[in-house]
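The structure under discussion appears below in the form of structure tokens.
The values are calculated or read from the model by the stated rules, or taken from the named source; none is laboratory data. Just so you know, these numbers come straight off a predicted model, no measurement behind them. Quick reminder, even Gly has a Cβ in these numbers, built from the backbone with ideal geometry, and neighbours come from all protein chains shown.
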Amino acid sequence: MEKAHKLQKASQLIAGTTDLPTIPIIATKVLELLEKPDVELDEVADLILTDQVMAARVIKIVNSPLYRTAQEISSVKRALVFLGFRHIRELALTCSFLEAFQGKDGVFDIRTFWEHSFGVGVVSKLIAQRARYHDVEKAYLAGITHDIGEVFFSYNMQHDFQKVLDEIKGRPHKLVETEERYFGTTHCEVGELIAQSWNFPPQYQEVIAHHHAPENATLEPTLVAIVNLADLFCSVRQLGYEGSEWVSFNLAEEGAWGILKNFAPHMRNLDVERFCYELDDKVSDIRELVKSVFEGMEV
Ligand SMILES: [Fe+2]
Ligand SMILES: [Fe+2]
């Protein structure tokens, strides 16, 4: 089906719901503040402290295995000193996503969704580092946000989405193709429209729109290719939620791999098997992170 048709269908579905997730205003403010060249650390800390939920999550995430602090960090200000400004951007957005989607009942377990999202974020960052991509935090964020369209289906189209998940479980059916059959659109188009309504930067919108077909990307194909590969890695490394135990992939045949090698010819020499082992080491960290973020919190 044509992309334009799928977008039209997605906008009809979204128009039919009244409770589209919103991104907390505080997150937009943090992002704006961090764009200012002369921003003071105290200003950012004060802003974060006005939102107790975000303040608590910043402390939890900074103390999670992902950041490996030497000692426990217990204040927002110390967390910011430890992380540095670039990472605050990543943390502020991460917290906002958690907030935007919490407190609802969806078809899939939201923790599994976050394990997948954080997993793709972390792996995107690792691939970006290997490829010497200029903005590894952006790769991480793009990874975290790539599947936001799934959340819409899970919450707002529960009945049919359950059927979609049942149908692909343990079978070699692709999620996007099954979604298209049921909804006439996929989580890529739905996510793209949600990202637009949140005023996300265009490169993030592009990743959300094309992460299953990176060859269609025009703005920043390398970023889309990185997230696509991270998604594939996570699916075969038990960080998927799509019932995709059957998935396997041959890197050499992936369009994204071609795009990445064009961008970074040294990637030809990547020892894929070893890289997969490195990723395996991260899986328990990611599970631990998701657990620590959700612990004691209403989700
Ligand atoms: Fe996806
Ligand atoms: Fe995904």
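Residue check: Asp160 meets all listed conditions (1) within 15 Å of ligand 1 (Cβ to nearest atom); (2) modelled with pLDDT under 95 but one, namely (1). Selection over the range 123-144 of residues that are over 12 Å from Leu223 (Cα atoms), of a type in the set (A, V, I, L, M, F, W, C) and either away from ligand 1 (no atom under 16 Å from the Cβ) or not assigned by TED's automatic domain parsing to the domain that holds Tyr204 (or both) gives a count of 1.
Which numbered condition in (1) within 16 Å of ligand 1 (Cβ to nearest atom); (2) out of contact with any Ser or Thr (no Cβ under 8 Å at 6 or more places or on another chain); (3) among the acidic types (Asp, Glu) is the only one that Asp147 fails? Every condition holds for Asp147 apart from (2). Hey, does the range 111-121 have a residue that's more than 16 Å from ligand 1 (Cβ to nearest atom), of a type outside the set (Gly, Ala, Ser) and modelled with pLDDT under 85? Yes; the residues of the range 111-121 include at least one that is more than 16 Å from ligand 1 (Cβ to nearest atom), of a type outside the set (Gly, Ala, Ser) and modelled with pLDDT under 85. Across the range 174-184, the number of residues qualifying as touching a helix residue (DSSP H, G or I) at 6+ places or on another chain (Cβ under 6 Å) and more than 13 Å from ligand 1 (Cβ to nearest atom) comes to 2. Screening the range 167-235 for helices (runs of 4 or more DSSP H) wholly inside it with 3 or more residues that are in contact (Cβ under 8 Å) with a residue 24 or more places away in the chain and closer than 25 Å to Ala128 by Cα returns the ranges 187-197, 202-210.
Checked against (1) over 19 Å from Val207 (Cβ atoms); (2) modelled with pLDDT of 85 or more, Gly106 passes all but condition (2). Being away from ligand 2 (no atom under 12 Å from the Cβ), part of a loop (DSSP other than H, G, I, E, B) and more than 16 Å from the chain's Cα centre (by Cα) holds for only one residue in Tyr133, Tyr155, and it is Tyr133. When Ile88 is tested against the conditions (1) among the aliphatic types (A, V, I, L, M); (2) at pLDDT below 75; (3) within 16 Å of ligand 1 (Cβ to nearest atom), the lone failure is (3).
Among the residues of the range 181-210, those identified as away from ligand 2 (no atom under 16 Å from the Cβ) and either more than 29 Å from Arg89 (Cα to Cα) or charged (D, E, K, R) (or both) are Arg181, Tyr182, Phe183, Gly184, Thr185.
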